[in-house]
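Chemist: The structure follows.
The values are calculated or read from the model by the stated rules, or taken from the named source; none is laboratory data. Worth saying up front: this structure is predicted, and the values here are computed from it rather than measured. All Cβ positions, glycine included, derive from the backbone under ideal geometry; neighbour counts span all protein chains shown. Just the protein is used for accessible areas: all its heavy atoms, side chains included, with ligands, DNA and RNA removed. Shrake-Rupley method; radii C 1.70, N 1.55, O 1.52, S 1.80 Å.
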Amino acid sequence: MEDTKREKEILTVVLTFVEGIAGYILYKNNIFNTENFWIFFLSYVTPMGFLCFVNYWILSPVLIHVGLKIWFWTGHYKRVSKQFNSIAIQCATWLKNVKMHWGVIDTAEECQNANTCEGLLALKKAKLDQRYKVVYEEALIAVLSNATNRGLASKSLKHETVVCTSMILYIFSLERKTNGKMLAYEEKFNDIASVLWDVRCNNGWGVYIEKADETDCSMANTFWVFRALNEYTISKNEDYRIMLRRIYENSNNSLFGYVAGDAPRLCTTAMSVVIYYSLVEQYQTTIREVYDVKIAVEYVYKMFCYKGLECELEVLRGLETKSQGVKKAPWTHVTIGFVTEALVKAYKNGNLSLIKMNNFIRCLKKICKKRLVYVNGNNQQCYYMPKDMEINSKGIYTFPTTYMVWALSFFDF
(Lines give C-alpha, C1' and ligand atoms only; values in the text may rest on other atoms or scores of the structure.)
Protein backbone atom coordinates (compact mmCIF):
# COMPACT_ATOMS: atom_id res chain seq x y z
CA MET A 1 0.00 0.00 0.00
CA GLU A 2 1.78 3.10 -1.27
CA ASP A 3 -0.44 5.31 0.90
CA THR A 4 1.22 4.04 4.09
CA LYS A 5 4.72 3.19 2.83
CA ARG A 6 6.50 5.54 5.23
CA GLU A 7 4.43 4.38 8.21
CA LYS A 8 5.04 0.73 7.29
CA GLU A 9 8.80 1.27 7.05
CA ILE A 10 8.92 2.96 10.46
CA LEU A 11 6.77 0.28 12.06
CA THR A 12 8.86 -2.49 10.49
CA VAL A 13 12.08 -1.05 11.93
CA VAL A 14 10.48 -0.62 15.37
CA LEU A 15 8.87 -4.08 15.41
CA THR A 16 12.01 -5.83 14.19
CA PHE A 17 14.14 -4.01 16.76
CA VAL A 18 11.73 -4.89 19.58
CA GLU A 19 11.55 -8.51 18.43
CA GLY A 20 15.36 -8.67 18.30
CA ILE A 21 15.68 -7.31 21.84
CA ALA A 22 13.02 -9.74 23.04
CA GLY A 23 14.85 -12.64 21.41
CA TYR A 24 18.14 -11.62 23.00
CA ILE A 25 16.53 -11.33 26.45
CA LEU A 26 14.96 -14.77 26.06
CA TYR A 27 18.34 -16.21 25.06
CA LYS A 28 20.18 -14.58 27.97
CA ASN A 29 17.65 -16.11 30.34
CA ASN A 30 18.34 -19.57 28.87
CA ILE A 31 14.90 -19.83 27.30
CA PHE A 32 16.58 -20.83 24.02
CA ASN A 33 19.45 -22.71 25.66
CA THR A 34 21.38 -24.99 23.28
CA GLU A 35 24.97 -26.21 23.02
CA ASN A 36 24.96 -26.50 19.25
CA PHE A 37 26.35 -23.26 17.76
CA TRP A 38 24.82 -23.74 14.29
CA ILE A 39 21.36 -24.46 15.66
CA PHE A 40 21.63 -21.30 17.75
CA PHE A 41 22.99 -19.29 14.82
CA LEU A 42 20.25 -20.39 12.43
CA SER A 43 17.50 -19.89 14.99
CA TYR A 44 18.66 -16.37 15.81
CA VAL A 45 19.92 -14.95 12.48
CA THR A 46 17.83 -16.61 9.76
CA PRO A 47 14.41 -15.51 11.08
CA MET A 48 15.38 -11.81 10.97
CA GLY A 49 14.75 -11.51 7.23
CA PHE A 50 11.53 -13.44 7.60
CA LEU A 51 10.50 -11.22 10.52
CA CYS A 52 11.11 -8.10 8.39
CA PHE A 53 8.92 -9.58 5.66
CA VAL A 54 6.13 -10.44 8.10
CA ASN A 55 6.39 -7.10 9.87
CA TYR A 56 6.26 -5.08 6.64
CA TRP A 57 3.57 -6.96 4.75
CA ILE A 58 1.37 -8.31 7.54
CA LEU A 59 1.81 -6.80 11.01
CA SER A 60 2.39 -3.16 9.98
CA PRO A 61 -0.71 -2.93 7.70
CA VAL A 62 -2.85 -4.55 10.39
CA LEU A 63 -1.61 -2.17 13.08
CA ILE A 64 -2.06 0.86 10.82
CA HIS A 65 -5.60 -0.18 9.90
CA VAL A 66 -6.56 -0.88 13.51
CA GLY A 67 -5.02 2.42 14.56
CA LEU A 68 -7.00 4.34 11.95
CA LYS A 69 -10.18 2.56 12.99
CA ILE A 70 -9.59 3.56 16.61
CA TRP A 71 -8.79 7.10 15.44
CA PHE A 72 -12.06 7.19 13.54
CA TRP A 73 -14.15 5.70 16.35
CA THR A 74 -12.74 8.15 18.88
CA GLY A 75 -14.02 11.07 16.80
CA HIS A 76 -10.94 12.19 14.86
CA TYR A 77 -12.95 12.73 11.66
CA LYS A 78 -15.42 14.88 13.55
CA ARG A 79 -12.52 17.08 14.58
CA VAL A 80 -11.40 17.17 10.95
CA SER A 81 -14.93 18.22 9.95
CA LYS A 82 -14.84 21.09 12.44
CA GLN A 83 -11.41 22.16 11.24
CA PHE A 84 -12.49 22.17 7.59
CA ASN A 85 -15.74 23.94 8.46
CA SER A 86 -13.72 26.70 10.11
CA ILE A 87 -11.62 27.10 6.96
CA ALA A 88 -14.78 27.10 4.81
CA ILE A 89 -16.12 30.01 6.88
CA GLN A 90 -12.86 31.92 6.38
CA CYS A 91 -13.09 31.39 2.61
CA ALA A 92 -16.78 32.32 2.57
CA THR A 93 -16.02 35.48 4.52
CA TRP A 94 -13.59 36.51 1.79
CA LEU A 95 -16.26 35.81 -0.83
CA LYS A 96 -18.75 37.91 1.12
CA ASN A 97 -16.34 40.84 1.29
CA VAL A 98 -15.47 41.08 -2.42
CA LYS A 99 -16.85 44.02 -4.37
CA MET A 100 -19.55 42.22 -6.42
CA HIS A 101 -21.38 38.94 -5.71
CA TRP A 102 -19.86 37.59 -7.87
CA GLY A 103 -17.59 38.50 -10.76
CA VAL A 104 -14.63 36.66 -12.25
CA ILE A 105 -12.20 38.51 -9.96
CA ASP A 106 -12.57 40.18 -6.59
CA THR A 107 -12.26 43.68 -8.08
CA ALA A 108 -14.83 43.10 -10.85
CA GLU A 109 -17.30 45.91 -11.51
CA GLU A 110 -19.97 43.55 -12.85
CA CYS A 111 -21.42 40.24 -11.70
CA GLN A 112 -21.18 37.24 -14.00
CA ASN A 113 -23.99 34.70 -13.94
CA ALA A 114 -21.65 31.69 -13.85
CA ASN A 115 -19.59 33.11 -10.99
CA THR A 116 -22.72 34.13 -9.10
CA CYS A 117 -24.03 30.57 -9.37
CA GLU A 118 -20.71 29.19 -8.13
CA GLY A 119 -20.82 31.52 -5.14
CA LEU A 120 -24.40 30.59 -4.32
CA LEU A 121 -23.66 26.86 -4.57
CA ALA A 122 -20.63 27.24 -2.30
CA LEU A 123 -22.63 28.96 0.44
CA LYS A 124 -25.58 26.60 0.05
CA LYS A 125 -23.48 23.43 0.13
CA ALA A 126 -21.57 24.64 3.17
CA LYS A 127 -24.83 25.61 4.90
CA LEU A 128 -23.62 29.19 5.17
CA ASP A 129 -26.51 30.71 3.20
CA GLN A 130 -28.19 31.80 6.43
CA ARG A 131 -24.97 33.05 7.97
CA TYR A 132 -24.57 35.43 5.02
CA LYS A 133 -28.28 35.75 4.37
CA VAL A 134 -28.38 39.28 2.92
CA VAL A 135 -25.60 38.65 0.39
CA TYR A 136 -26.98 35.22 -0.49
CA GLU A 137 -30.58 36.30 -1.06
CA GLU A 138 -29.64 39.39 -3.09
CA ALA A 139 -27.43 37.30 -5.37
CA LEU A 140 -30.05 34.55 -5.61
CA ILE A 141 -32.90 36.85 -6.63
CA ALA A 142 -30.66 38.64 -9.14
CA VAL A 143 -29.56 35.48 -10.92
CA LEU A 144 -33.06 33.94 -10.86
CA SER A 145 -34.36 37.11 -12.49
CA ASN A 146 -31.63 36.95 -15.14
CA ALA A 147 -32.90 33.60 -16.38
CA THR A 148 -34.95 33.72 -19.56
CA ASN A 149 -37.49 31.12 -20.63
CA ARG A 150 -34.60 29.30 -22.38
CA GLY A 151 -32.12 29.35 -19.51
CA LEU A 152 -29.35 31.48 -18.08
CA ALA A 153 -26.91 33.36 -20.30
CA SER A 154 -23.19 33.69 -19.97
CA LYS A 155 -22.61 37.44 -19.99
CA SER A 156 -19.27 37.01 -21.70
CA LEU A 157 -20.77 34.86 -24.49
CA LYS A 158 -24.05 36.80 -24.51
CA HIS A 159 -26.20 33.70 -24.99
CA GLU A 160 -27.85 31.07 -22.80
CA THR A 161 -25.30 28.37 -22.09
CA VAL A 162 -25.62 24.79 -20.89
CA VAL A 163 -23.43 25.22 -17.79
CA CYS A 164 -25.06 28.46 -16.58
CA THR A 165 -28.50 26.99 -17.17
CA SER A 166 -27.62 23.72 -15.41
CA MET A 167 -26.21 25.61 -12.44
CA ILE A 168 -29.29 27.78 -11.96
CA LEU A 169 -31.56 24.75 -12.35
CA TYR A 170 -29.57 22.92 -9.69
CA ILE A 171 -29.61 25.92 -7.35
CA PHE A 172 -33.36 26.27 -7.80
CA SER A 173 -33.88 22.57 -7.04
CA LEU A 174 -32.01 23.00 -3.75
CA GLU A 175 -33.87 26.17 -2.84
CA ARG A 176 -37.39 24.96 -3.52
CA LYS A 177 -37.01 22.21 -0.90
CA THR A 178 -36.99 24.77 1.91
CA ASN A 179 -37.75 28.19 0.43
CA GLY A 180 -41.44 28.94 -0.06
CA LYS A 181 -40.61 31.98 -2.19
CA MET A 182 -39.48 29.64 -4.96
CA LEU A 183 -43.07 28.63 -5.78
CA ALA A 184 -43.35 31.72 -7.94
CA TYR A 185 -40.54 30.38 -10.17
CA GLU A 186 -41.65 26.72 -10.25
CA GLU A 187 -43.30 26.63 -13.67
CA LYS A 188 -40.57 28.73 -15.27
CA PHE A 189 -37.75 26.45 -14.17
CA ASN A 190 -39.61 23.25 -15.00
CA ASP A 191 -39.98 24.64 -18.52
CA ILE A 192 -36.28 25.55 -18.66
CA ALA A 193 -35.43 21.97 -17.62
CA SER A 194 -37.50 20.70 -20.55
CA VAL A 195 -35.72 23.06 -22.96
CA LEU A 196 -32.33 21.88 -21.71
CA TRP A 197 -33.33 18.25 -22.14
CA ASP A 198 -34.58 18.86 -25.68
CA VAL A 199 -31.24 20.21 -26.97
CA ARG A 200 -29.32 17.00 -26.23
CA CYS A 201 -27.53 15.01 -28.89
CA ASN A 202 -26.06 11.50 -28.80
CA ASN A 203 -22.79 12.61 -27.19
CA GLY A 204 -24.39 14.94 -24.66
CA TRP A 205 -24.53 18.74 -24.68
CA GLY A 206 -22.45 21.49 -26.24
CA VAL A 207 -21.88 25.06 -25.11
CA TYR A 208 -25.20 26.72 -25.97
CA ILE A 209 -28.86 25.89 -25.47
CA GLU A 210 -29.10 24.41 -28.92
CA LYS A 211 -28.26 21.07 -30.49
CA ALA A 212 -24.51 20.92 -30.98
CA ASP A 213 -22.37 18.95 -33.39
CA GLU A 214 -21.49 15.67 -31.71
CA THR A 215 -17.77 16.51 -31.88
CA ASP A 216 -18.43 19.72 -29.92
CA CYS A 217 -20.17 18.06 -26.98
CA SER A 218 -18.34 18.57 -23.69
CA MET A 219 -18.41 15.92 -20.98
CA ALA A 220 -18.15 18.60 -18.28
CA ASN A 221 -21.23 20.31 -19.74
CA THR A 222 -23.01 16.98 -19.97
CA PHE A 223 -22.37 16.02 -16.35
CA TRP A 224 -23.54 19.45 -15.22
CA VAL A 225 -26.79 18.78 -17.08
CA PHE A 226 -27.23 15.42 -15.37
CA ARG A 227 -26.56 17.00 -12.00
CA ALA A 228 -29.36 19.49 -12.64
CA LEU A 229 -31.92 17.28 -14.38
CA ASN A 230 -31.60 14.54 -11.76
CA GLU A 231 -33.65 16.88 -9.58
CA TYR A 232 -36.53 17.21 -12.07
CA THR A 233 -39.30 14.91 -13.29
CA ILE A 234 -37.51 14.52 -16.63
CA SER A 235 -35.11 12.14 -14.89
CA LYS A 236 -37.93 9.64 -14.43
CA ASN A 237 -38.34 9.16 -18.19
CA GLU A 238 -37.04 6.00 -19.83
CA ASP A 239 -35.23 8.13 -22.44
CA TYR A 240 -33.30 9.78 -19.63
CA ARG A 241 -32.10 6.40 -18.33
CA ILE A 242 -31.08 5.42 -21.86
CA MET A 243 -29.17 8.68 -22.31
CA LEU A 244 -27.33 8.16 -19.02
CA ARG A 245 -26.33 4.66 -20.03
CA ARG A 246 -25.12 5.81 -23.44
CA ILE A 247 -22.87 8.49 -21.95
CA TYR A 248 -21.33 6.11 -19.41
CA GLU A 249 -20.96 3.43 -22.07
CA ASN A 250 -18.82 5.84 -24.12
CA SER A 251 -16.26 6.13 -21.34
CA ASN A 252 -12.65 5.02 -21.74
CA ASN A 253 -12.67 2.03 -19.38
CA SER A 254 -14.83 3.99 -16.88
CA LEU A 255 -12.71 7.14 -17.28
CA PHE A 256 -13.76 10.34 -19.03
CA GLY A 257 -12.01 13.04 -21.01
CA TYR A 258 -13.30 16.43 -22.11
CA VAL A 259 -15.03 14.93 -25.17
CA ALA A 260 -15.98 11.42 -26.22
CA GLY A 261 -12.84 9.40 -27.01
CA ASP A 262 -10.52 11.89 -25.31
CA ALA A 263 -7.72 10.91 -22.91
CA PRO A 264 -8.90 10.61 -19.28
CA ARG A 265 -9.16 13.82 -17.25
CA LEU A 266 -9.46 14.26 -13.53
CA CYS A 267 -12.33 16.75 -13.40
CA THR A 268 -14.71 14.92 -15.75
CA THR A 269 -13.94 11.51 -14.24
CA ALA A 270 -14.63 12.93 -10.77
CA MET A 271 -17.90 14.38 -12.08
CA SER A 272 -18.87 10.94 -13.42
CA VAL A 273 -18.39 9.50 -9.91
CA VAL A 274 -20.46 12.27 -8.32
CA ILE A 275 -23.32 11.78 -10.78
CA TYR A 276 -23.24 8.00 -10.34
CA TYR A 277 -23.67 8.27 -6.57
CA SER A 278 -26.50 10.80 -7.00
CA LEU A 279 -28.59 8.36 -9.06
CA VAL A 280 -31.38 6.18 -7.71
CA GLU A 281 -30.49 2.53 -7.22
CA GLN A 282 -32.35 1.45 -10.36
CA TYR A 283 -30.25 3.78 -12.53
CA GLN A 284 -27.04 2.81 -10.75
CA THR A 285 -27.76 -0.80 -11.61
CA THR A 286 -28.13 0.15 -15.27
CA ILE A 287 -24.91 2.17 -15.25
CA ARG A 288 -22.93 -0.62 -13.57
CA GLU A 289 -23.44 -2.72 -16.71
CA VAL A 290 -21.06 -0.40 -18.57
CA TYR A 291 -19.17 1.48 -15.84
CA ASP A 292 -17.03 0.45 -12.89
CA VAL A 293 -17.11 3.22 -10.30
CA LYS A 294 -14.16 1.69 -8.43
CA ILE A 295 -11.88 2.21 -11.44
CA ALA A 296 -13.00 5.84 -11.67
CA VAL A 297 -12.54 6.41 -7.92
CA GLU A 298 -9.02 4.94 -8.01
CA TYR A 299 -8.08 7.21 -10.92
CA VAL A 300 -9.46 10.30 -9.17
CA TYR A 301 -7.61 9.41 -5.97
CA LYS A 302 -4.25 8.89 -7.71
CA MET A 303 -4.45 11.93 -9.96
CA PHE A 304 -5.25 14.22 -7.06
CA CYS A 305 -3.17 12.74 -4.24
CA TYR A 306 -0.12 11.64 -6.25
CA LYS A 307 -0.13 13.90 -9.33
CA GLY A 308 -1.43 16.93 -7.43
CA LEU A 309 -3.77 18.15 -10.18
CA GLU A 310 -5.60 21.13 -8.71
CA CYS A 311 -6.72 22.62 -12.02
CA GLU A 312 -7.11 21.51 -15.64
CA LEU A 313 -7.63 23.47 -18.83
CA GLU A 314 -10.33 22.47 -21.29
CA VAL A 315 -10.67 24.10 -24.69
CA LEU A 316 -14.37 24.49 -25.43
CA ARG A 317 -15.37 24.01 -29.05
CA GLY A 318 -18.43 25.02 -31.02
CA LEU A 319 -18.48 28.70 -30.09
CA GLU A 320 -18.46 29.87 -33.72
CA THR A 321 -22.08 28.80 -34.12
CA LYS A 322 -23.08 32.02 -32.39
CA SER A 323 -20.68 34.25 -34.36
CA GLN A 324 -18.53 35.07 -31.36
CA GLY A 325 -15.49 35.54 -33.56
CA VAL A 326 -13.67 32.56 -32.02
CA LYS A 327 -13.94 28.84 -32.58
CA LYS A 328 -12.43 27.79 -29.26
CA ALA A 329 -12.17 29.20 -25.76
CA PRO A 330 -10.31 28.05 -22.61
CA TRP A 331 -12.18 26.81 -19.55
CA THR A 332 -10.21 26.31 -16.35
CA HIS A 333 -11.58 23.51 -14.18
CA VAL A 334 -10.73 23.74 -10.49
CA THR A 335 -10.76 20.11 -9.45
CA ILE A 336 -10.94 20.26 -5.67
CA GLY A 337 -14.74 20.50 -5.38
CA PHE A 338 -15.68 17.55 -7.58
CA VAL A 339 -12.72 15.44 -6.40
CA THR A 340 -13.63 15.88 -2.74
CA GLU A 341 -17.30 15.16 -3.33
CA ALA A 342 -16.41 12.06 -5.36
CA LEU A 343 -13.95 10.62 -2.82
CA VAL A 344 -16.05 11.35 0.26
CA LYS A 345 -19.08 9.71 -1.36
CA ALA A 346 -16.92 6.79 -2.47
CA TYR A 347 -15.70 6.35 1.11
CA LYS A 348 -19.23 6.46 2.50
CA ASN A 349 -20.33 3.89 -0.09
CA GLY A 350 -17.47 1.49 0.63
CA ASN A 351 -15.52 2.18 -2.59
CA LEU A 352 -12.59 3.98 -0.93
CA SER A 353 -10.67 2.48 1.98
CA LEU A 354 -10.18 4.17 5.33
CA ILE A 355 -6.43 4.31 4.68
CA LYS A 356 -6.90 6.11 1.35
CA MET A 357 -9.50 8.44 2.86
CA ASN A 358 -7.04 9.33 5.59
CA ASN A 359 -4.32 10.00 3.01
CA PHE A 360 -6.70 12.18 0.99
CA ILE A 361 -7.50 14.23 4.10
CA ARG A 362 -3.78 14.64 4.67
CA CYS A 363 -3.37 15.89 1.07
CA LEU A 364 -6.26 18.31 1.52
CA LYS A 365 -4.72 19.68 4.72
CA LYS A 366 -1.44 20.28 2.88
CA ILE A 367 -3.28 22.17 0.13
CA CYS A 368 -5.05 24.31 2.70
CA LYS A 369 -1.71 25.08 4.34
CA LYS A 370 0.11 25.89 1.09
CA ARG A 371 -2.55 27.36 -1.19
CA LEU A 372 -4.79 29.43 1.07
CA VAL A 373 -3.79 33.08 1.20
CA TYR A 374 -4.93 34.94 4.31
CA VAL A 375 -5.90 38.57 3.82
CA ASN A 376 -4.02 41.19 5.87
CA GLY A 377 -2.15 38.47 7.71
CA ASN A 378 -5.09 37.42 9.91
CA ASN A 379 -7.07 34.21 10.02
CA GLN A 380 -10.49 35.75 9.48
CA GLN A 381 -10.67 35.47 5.70
CA CYS A 382 -8.70 33.78 2.95
CA TYR A 383 -8.85 32.81 -0.71
CA TYR A 384 -7.61 29.77 -2.63
CA MET A 385 -4.95 29.87 -5.34
CA PRO A 386 -4.63 26.43 -6.99
CA LYS A 387 -1.23 25.17 -8.01
CA ASP A 388 -0.27 25.95 -11.61
CA MET A 389 -3.21 28.28 -12.16
CA GLU A 390 -2.55 31.49 -14.05
CA ILE A 391 -2.52 34.76 -12.10
CA ASN A 392 -4.77 37.63 -13.14
CA SER A 393 -2.92 40.93 -12.90
CA LYS A 394 -6.17 42.84 -12.27
CA GLY A 395 -7.41 40.87 -9.30
CA ILE A 396 -7.94 37.51 -7.60
CA TYR A 397 -10.12 34.88 -9.23
CA THR A 398 -13.22 34.16 -7.15
CA PHE A 399 -14.25 30.78 -8.52
CA PRO A 400 -11.37 28.69 -7.04
CA THR A 401 -12.41 29.83 -3.56
CA THR A 402 -16.04 28.87 -4.21
CA TYR A 403 -14.93 25.34 -5.09
CA MET A 404 -12.74 25.20 -1.99
CA VAL A 405 -15.77 26.08 0.16
CA TRP A 406 -17.76 23.47 -1.74
CA ALA A 407 -15.05 20.85 -1.13
CA LEU A 408 -14.78 21.48 2.60
CA SER A 409 -18.55 21.21 3.00
CA PHE A 410 -18.60 17.46 2.34
CA PHE A 411 -16.82 16.48 5.56
CA ASP A 412 -19.90 15.83 7.66
CA PHE A 413 -18.73 12.67 9.44
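Chemist: Please determine, by comparing only the residues of region 325-353 that are more than 16 Å from F410 (Cα to Cα) and surrounded by 15 or more Cβ atoms within 10 Å (Cβ to Cβ), which one is modelled with the lowest pLDDT.
Modeler: Filtering region 325-353 for residues that are more than 16 Å from F410 (Cα to Cα) and surrounded by 15 or more Cβ atoms within 10 Å (Cβ to Cβ), the one modelled with the lowest pLDDT comes out as A329.
Chemist: Name the residues in region 126-150 that are within 18 Å of V163 (Cα to Cα) and not aliphatic (A, V, I, L, M), would you?
Modeler: S145, N146, T148, N149, R150
Chemist: Under the condition of being within 21 Å of V344 (Cα to Cα) and hydroxyl-bearing (S, T, Y), which residue from region 74-122 is modelled with the highest pLDDT?
Modeler: Residue satisfying both the conditions and the ranking: S86.
Chemist: Moving to a separate point now. Select from region 95-113 the residues that are in a helix (DSSP H, G or I) and within 12 Å of Y397 (Cβ to Cβ) and list them in ascending order.
Modeler: L95
Chemist: Separate question: Would you pick out the residues in region 202-216 that are without any contact (Cβ under 8 Å) to a residue 60 or more places away in the chain and in contact with a strand residue (DSSP E or B) (Cβ under 8 Å, 6 or more places away or on another chain)?
Modeler: G204, W205, I209, K211, E214
Chemist: What pairs can you find where one residue is in region 126-144 and among the acidic types (D, E), the other is at pLDDT 95 or above, and their Cβ atoms are less than 6 Å apart, with a gap of 6+ or different chains?
Modeler: From region 126-144, the pairs are D129/L123; D129/Y136.
Chemist: Residues that are of a type in the set (S, T, N, Q): which strands (runs of 3 or more DSSP E) entirely in region 326-413 hold 1 or more of them?
Modeler: 328-334
Chemist: I've got another one for you. Determine, yes or no, whether S173 is polar (S, T, N, Q), in contact (Cβ under 8 Å) with a residue 40 or more places away in the chain, assigned to a helix (DSSP H, G or I) and out of contact with any strand residue (DSSP E or B) (no Cβ under 8 Å at 6 or more places or on another chain).
Modeler: yes
Chemist: Hey, another quick one. Return only the number of the condition from (1) of a type outside the set (S, T, Y); (2) open to solvent by less than 10 Å² (accessible area, probe 1.4 Å); (3) more than 23 Å from the chain's Cα centre (by Cα) that V225 does not satisfy.
Modeler: Of the numbered conditions (1) of a type outside the set (S, T, Y); (2) open to solvent by less than 10 Å² (accessible area, probe 1.4 Å); (3) more than 23 Å from the chain's Cα centre (by Cα), the odd one out for V225 is (3).
Chemist: Given the condition touching a residue at least 40 places away in the same chain (Cβ under 8 Å), within 22 Å of N113 (Cα to Cα) and open to solvent by less than 20 Å² (accessible area, probe 1.4 Å), answer yes or no: does some residue in region 363-379 qualify?
Modeler: no
Chemist: Can you report the number of residues in region 334-365 which are among the basic types (K, R) and under 11 Å from the mean Cα position of the chain (by Cα)?
Modeler: Residues meeting the conditions: 1.
Chemist: Restricting attention to region 272-281, and to residues there that are in contact (Cβ under 8 Å) with a residue 12 or more places away in the chain and more than 19 Å from A260 (Cα to Cα), which single residue is least open to solvent (accessible area, probe 1.4 Å)?
Modeler: Among those residues, the one meeting the criterion is L279.
Chemist: Do you know which residues across region 93-127 are open to solvent by 30 Å² or more (accessible area, probe 1.4 Å) and under 20 Å from the mean Cα position of the chain (by Cα)?
Modeler: A114, K124, K125, K127
Chemist: Additional query: Give me the residue from region 233-271 that is within 18 Å of E214 (Cα to Cα) and hydrophobic (A, V, I, L, M, F, W, C) and, out of that set, surrounded by the most Cβ atoms within 10 Å (Cβ to Cβ).
Modeler: Step by step, filter region 233-271, then rank; the result is F256.
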